[in-house]
Structure formats: structure tokens, C-alpha cells
Amino acid sequence: MIVPDTPIDERVHTRKEVSAILKELHRKQADNPKLSSAWALELQIIMGLRRGEVPPLEWSDITETGVITNRAVYFVYQGICNNLGITISRDSVKGPHSFRRNAITDVVNETNGNIIMASELFGNSPEVAKQNYFTGTDLSVATQILNKRCLLE
């Protein structure tokens, strides 16, 4: 599933896309509260879970009935992306797993570059996180940090 010549930052969704996907998920959940795959995809987005970490959950962990499968989650994801006009390209390997990259990048950027903490939270070594998940420094956060430096008093 790794395409070595595709930059990591092309294998994630933009904040705008994530927001639109979540809004569409909330609409689906309101229309059909028992649609377990919609709840599972939201859980995957919010927690940055691996796709294999969702199916072992029992639906009773979330609500009353249903079965969660990787395929069902992917179909909900694919349908939402199609409805929103978000391109899914096999070349960039975007899928529900891409939200893991978003989550790891957010944690690294919000902790001023603490890739070790992000790695521990998401169950990767720092090397694997840096190579496969971290999309890069958020320049607005970096700018704020640099602007806080006070060398002269």
C-alpha cells in the first residue's frame, strides 16, 4: 500500500475535506443511526486508527447493534468522497488510512515537533512515523514559535 514516489503530503486530506467528510458523516448518522460503518469511519478519522483497529471493536462498544468491517467503512468513505467531489486516486493511496496521517501530523505540529510522543500515541516508531505518516511542519505554527523568541530585552 505504500507508493514510495508519492509524497506523504499528497496522501492526506485537507482540513477542508476532513471537515466536509465529517459533516456528511453526521448527516448519514442522523438519517440512519444504526449505520455502524458511518460511526466507525468517524472514529477512524477522529482517533487516527489503523483500519484493522476498527473491526475488532464490538458494536456494543459504540452503540447497540451492527457489524463493522473494513469494506463497509471504505464504501462509506468512497461514497462520501464521490458525493463531495473529492478525488480518490490509487496513485496517491488515499483512503480511510489517510486520516491516520492527518492525526499524526496534527499531534506533531501541536506539540512543537514531538514525533516521539506522536509515535507512542499511535503505535509507531519515530522512524516509521517520520517516513510514512508525518506530512511536514505546519509553517503557521513554526512561525508563531519563532515569533515568540525574544533575544533582546
**Prompt:** Among Glu127, Glu24, Glu42, whose mean-square fluctuation peaks in a Gaussian network model of the chain (Cα, cutoff 10 Å)?
**Reply:** Glu127
**Request:** Give the residue from Pro126, Asn82, Pro33 lying farthest towards the positive end of the charge dipole for the chain; charges sit on Cβ (+1 for Lys and Arg, -1 for Asp and Glu) and the dipole is referred to the Cα centre.
**Result:** Asn82
**Request:** Return one number: the angle in degrees, 0 to 90 and rounded to the nearest 10, between the long axis of the Cα atoms of helix 15-31 and the longest principal axis of the Cα atoms of the chain.
**Result:** 20 degrees
**Message:** Which of the three applies to the chain, rounded, prolate or oblate, going by the alpha-carbon gyration tensor with a ≥ b ≥ c and a/c under 1.5 meaning rounded?
**Reply:** prolate
**Fill in**
Any trypsin sites (Lys or Arg not before Pro) in region 81-153 that lie in a DSSP loop and have at most 13 other Cβ atoms within 10 Å would be Arg90, Arg149
**Complete:** From the Cα centre of region 85-153 to that of region 26-55, the distance in Å is 23 Å
**Request:** Please identify which residues in region 75-109 have an amide N closer than 20 Å to a label point set 7 Å out from the Cα of Leu57, following the Cα→Cβ vector.
**Result:** 75-81, 95-107
**Item:** Per-residue HN-Hα couplings for region 124-140 [Karplus 6.51, -1.76, 1.60; θ = phi - 60°; Hz; x = Gly/Pro]
**Value:** 10, 6, x, 5, 5, 4, 5, 6, 10, 10, 6, 8, x, 6, 6, 5, 5
**Request:** For the chain, set up a Gaussian network in which alpha carbons nearer than 10 Å are linked by springs, and say which option among His26, His97, His13 fluctuates the most.
**Result:** His26
**Item:** Extension reserve of the Thr87-Arg50 stretch, reckoned as 0.36 nm per residue once the Cα distance is removed
**Value:** 11.2 nm
**Asked** Computed FRET efficiency, Cβ-Cβ of Thr137 and Asn32, R0 41 Å: what is it to the nearest 0.05?
**Response** 0.55
**Item:** Most mobile of Ile86, Ile115, Ile45 in a GNM of the chain (Cα contacts under 10 Å)
**Value:** Ile86
**Item:** Whole-Hz ³J(HN,Hα) from phi, Karplus 6.51 cos²θ - 1.76 cosθ + 1.60, for region 37-49, glycine and proline x
**Value:** 5, 5, 5, 5, 5, 4, 4, 5, 5, 5, 9, x, 6
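No value in this document is a laboratory result; all are computed from the given coordinates. Keep in mind that this is a model prediction, so the values were computed, not measured. Heads up, the Cβs are rebuilt from the backbone with ideal geometry, glycines too, and the neighbour counts pull from every protein chain shown.
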